[in-house]
Amino acid sequence: MLDLSRIEELRRADVPPARHLIDGAFVAASDGAEMEVISPLDGKVLTSLARGTTTDAEAAVAAARRAFDDGRWAGLPPAARKQVLLKWADLIEEQALDLAVLGVRDNGTEIGMALKAEPLSAAGTIRYYAEAIDKIYGEIAPTGDGSLGLVHREPVGVVGAIVPWNFPLMIGAWKLGPALAAGCSVVLKPAETASLTLLRIAELAQQAGLPDGVLNVVTGEGAVVGAAIAESMDVDVLVFTGSGATGRRLLEASARSNLKRVYLELGGKSPNIVFADAPDLKEAVKVSANGIFRNAGQVCVAGSRLLVERSIHDAFVADLTEYVRDMKVGDPLDPATSAGAVNSLRQLEQNLGFVAEARALGRDIRIGGARTLQDTGGYFMEPTIVTGVDPADRLAREEVFGPVLAVIPFDSEEQAVAIANGTDYGLAAAVWTSNLSRAHRMIRRIKAGIVHVNTYGGSDMTVPLGGVKQSGNGHDKSLHAFDKYLDLKTAWIKL
Ligand code: ADP
């Protein structure tokens with residue numbers, strides 16, 4: 001149960017100005033510059049961040065390099081690294097509510113979801129990789145008698161991690177957990193509008209005994225701090241979650257610098273496909289609504305395209321509209337709220353732009369479509385359902401990253417597959433059907449990193465998450481995530 005009086009206390013707590021964490025010390029920007037943190041709950045200044053410079057990013061990379069090269073972390077026995085990471089996970093869990101409320105004030109996610117998806121998920125992720133550390137073996141190759149082939153797995157070195165604002169702790173931990181468990185050192189660049197909780201958990205990592213310089217956090221603008229990390233000659237691997245435009249810049253930066261490996265998770269336009277033979281259409285309505293409108297649609301795997309078989313289209317849309325009418329939009333620190341704030345004014349304006357374009361094309365805005373609760377000063381938007389969307393519309397092809405659902409009817413399995421695969425993205429999908437053969441055919445034919453069947457979202461740490469096509473490369477979660485942070489090295493020995 002959520003402790004409501006504690007939430008109210010934390011809602012009003014002062015948040016001190018935040019500093020970078022470089023080489024174990026909290027420091028201001030090299031030129032002293034700061035940037036305001038605006039809360040999406042009321043549009044007011046919450047606190048300030050160090051506005052990082054290229055010099056700051058370079059200092060953090062240099063600290064990470066020293067920490068890696070002298071073996072203060074990578075050189076520890078795996079079981080010793082495990083103890084530190086387990087302690088870190090415990091500290092995060094102990095402070096879960098404080099972290100969740102701070103995060104909500106910074107980025108606007110509903111508190112119930114934030115608590116589970118942010119600190120508690122991050123603690124679980126870190127624990128998962130901590131427990132795996134001393135269970136990863138190298139290989140002995142099946143050679144002839146005269147040779148011995150050994151395959152070592154070695155940490156890649158210095159990892160640059162650039163993360164977004166929608167789930168900073170969850171996504172941050174998907175990178176930090178396996179990177180640190182593998183023995184790498186990290187320079188983390190949080191998003192401008194969601195840095196506070198990552199800095200707080202970095203402090204807890206220090207308390208847990210992570211040696212100085214192994215985890216560094218540099219805040220500020222992507223185009224300055226993020227770009228400096230991407231251009232660095234001393235970062236070995238770059239891991240990123242964010243927009244396609246930034247992802248392309250990171251690949252270019254790698255090509256211009258040291259050809260560092262770049263792993264991208266770039267969002268999607270995920271199809272949620274409801275066949276008339278879905279086992280429970282009421283459940284499909286509820287899960288589909290939550291699959292796009294929770295966290296105000298700011299979820300990379302959000303089911304933002306709803307494909308409905310024509311025979312049930314009108315009834316399904318009517319039920320969905322009724323369900324959405326009852327969703328409570330507003331104060332994300334009120335546990336009764338089901339859709340919280342849009343992260344920033346810029347994002348809100350972008351969302352409204354998509355709706356305006358659909359309206360101009362004559363598409364039907366079934367519900368929502370406008371900013372709401374403007375008197376709070378916060379950035380809130382009504383959950384919006386648009387029907388009659390043409391698969392060629394921008395709303396059907398481009399990621400909104402807001403509470404806007406595009407509904408498209410289909411007549412056959414064949415057509416559903418064609419529409420589902422008809423975007424540049426390939427992150428997530430869902431299929432609702434009672435027909436086992438159809439479910440498996442759809443799993444095979446849909447181009448996506450994850451295909452849900454008769455549900456949406458909720459996959460746990462045991463399975464990988466990654467995109468195909470322009471949704472990215474590489475995988476977060478599961479033991480496969482280690483592939484990004486551990487290199488293979490062969491020893492070939494003549495006997
Ligand atoms: P969004 O538009 O959703 O904020 P971005 O891709 O811009 O997505 O942001 C994701 C992360 O990438 C943030 O931490 C941001 O600061 C960072 N970022 C933005 N621009 C750049 C850039 N040019 N180089 C490196 N990182 C960047």
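So the values come out like this:
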quantity	calculated
Qualifying helices (runs of 4 or more DSSP H) (wholly inside the stretch 278-384; at least 1 residues being within 16 Å of the ligand (Cβ to nearest atom), at pLDDT 95 or above and within 20 Å of Gly43 (Cα to Cα))	345-360
Yes/no for Ser121 being polar (S, T, N, Q), more than 16 Å from the ligand (Cβ to nearest atom) and surrounded by 15 or more Cβ atoms within 10 Å (Cβ to Cβ)	yes
Qualifying residue in the stretch 259-276 (condition: closer than 20 Å to Leu91 by Cβ and either assigned to a loop (DSSP other than H, G, I, E, B) or touching a Cys at 6+ places or on another chain (Cβ under 9 Å) (or both))	no
Selection status of Asp70, modelled with pLDDT of 95 or more, surrounded by fewer than 18 Cβ atoms within 10 Å (Cβ to Cβ) and over 19 Å from Ile171 (Cβ atoms)	yes
Of the criteria (1) among the aromatic types (Phe, Trp, Tyr); (2) within 17 Å of the chain's Cα centre (by Cα); (3) away from the ligand (no atom under 16 Å from the Cβ), which one Tyr128 fails	(2)
Failed item, numbered, when Met461 is tested on (1) among the aliphatic types (A, V, I, L, M); (2) in a loop (DSSP other than H, G, I, E, B); (3) in contact with a strand residue (DSSP E or B) (Cβ under 8 Å, 6 or more places away or on another chain)	(3)
Qualifying residue in the stretch 93-104 (condition: in a loop (DSSP other than H, G, I, E, B) and among the β-branched types (Val, Ile, Thr))	no
Which listed residue is farther than 23 Å from Leu198 by Cα, aliphatic (A, V, I, L, M) and within 7 Å of the ligand (Cβ to nearest atom), from Ala245, Ala230, Ala255	Ala245
Qualifying positions in the stretch 178-204 - crowded, with 24+ Cβ neighbours inside 10 Å and either β-branched (Val, Ile, Thr) or away from the ligand (no atom under 15 Å from the Cβ) (or both)	Pro178, Ala179, Leu180, Ala181, Ala182, Cys184, Ser185, Val186, Val187, Thr197, Ile201
Test: residue in the stretch 165-177 that is more than 16 Å from the ligand (Cβ to nearest atom), on the phi > 0 side of the Ramachandran plot and not acidic (Asp, Glu)	no
Any chance Thr54 is closer than 24 Å to Gly160 by Cβ and surrounded by 15 or more Cβ atoms within 10 Å (Cβ to Cβ)	yes
Counted residues, the stretch 451-468 - those being buried (at least 17 other Cβ atoms within 10 Å of the Cβ) and under 26 Å from Val159 (Cα atoms)	5
The stretch 82-100, residues that are within 18 Å of Thr47 (Cα to Cα) and either surrounded by fewer than 24 Cβ atoms within 10 Å (Cβ to Cβ) or over 20 Å from the mean Cα position of the chain (by Cα) (or both)	Asp98
Strands (runs of 3 or more DSSP E) contained in the stretch 1-69 and holding at least 1 residues touching a residue at least 40 places away in the same chain (Cβ under 8 Å), under 24 Å from the mean Cα position of the chain (by Cα) and within 18 Å of Gly222 (Cα to Cα)	20-22, 34-38, 45-50
So Ser459, is it farther than 23 Å from Gly124 by Cα and not charged (D, E, K, R)	no
Condition met for Gly144 (free of Cβ contacts under 8 Å to residues at least 12 places away in the same chain, more than 16 Å from the ligand (Cβ to nearest atom) and surrounded by fewer than 23 Cβ atoms within 10 Å (Cβ to Cβ))	yes
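Table: residues versus (1) of a type in the set (S, T, N, Q); (2) in contact with a helix residue (DSSP H, G or I) (Cβ under 8 Å, 6 or more places away or on another chain); (3) surrounded by 22 or more Cβ atoms within 10 Å (Cβ to Cβ); (4) in contact (Cβ under 8 Å) with a residue 40 or more places away in the chain.
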| site | (1), (2), (3), (4) |
| --- | --- |
| Ala336 | no, no, no, no |
| Ala339 | no, yes, yes, yes |
| Val355 | no, no, yes, yes |
| Ile367 | no, yes, no, yes |
| Ala370 | no, yes, no, no |
| Gly378 | no, no, yes, yes |
| Ile385 | no, yes, yes, yes |
| Asp393 | no, yes, no, no |
| Gly402 | no, yes, yes, yes |
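The values are calculated or read from the model by the stated rules, or taken from the named source; none is laboratory data. Because the structure is a prediction, the values reported are computed rather than measured. Quick reminder, even Gly has a Cβ in these numbers, built from the backbone with ideal geometry, and neighbours come from all protein chains shown.
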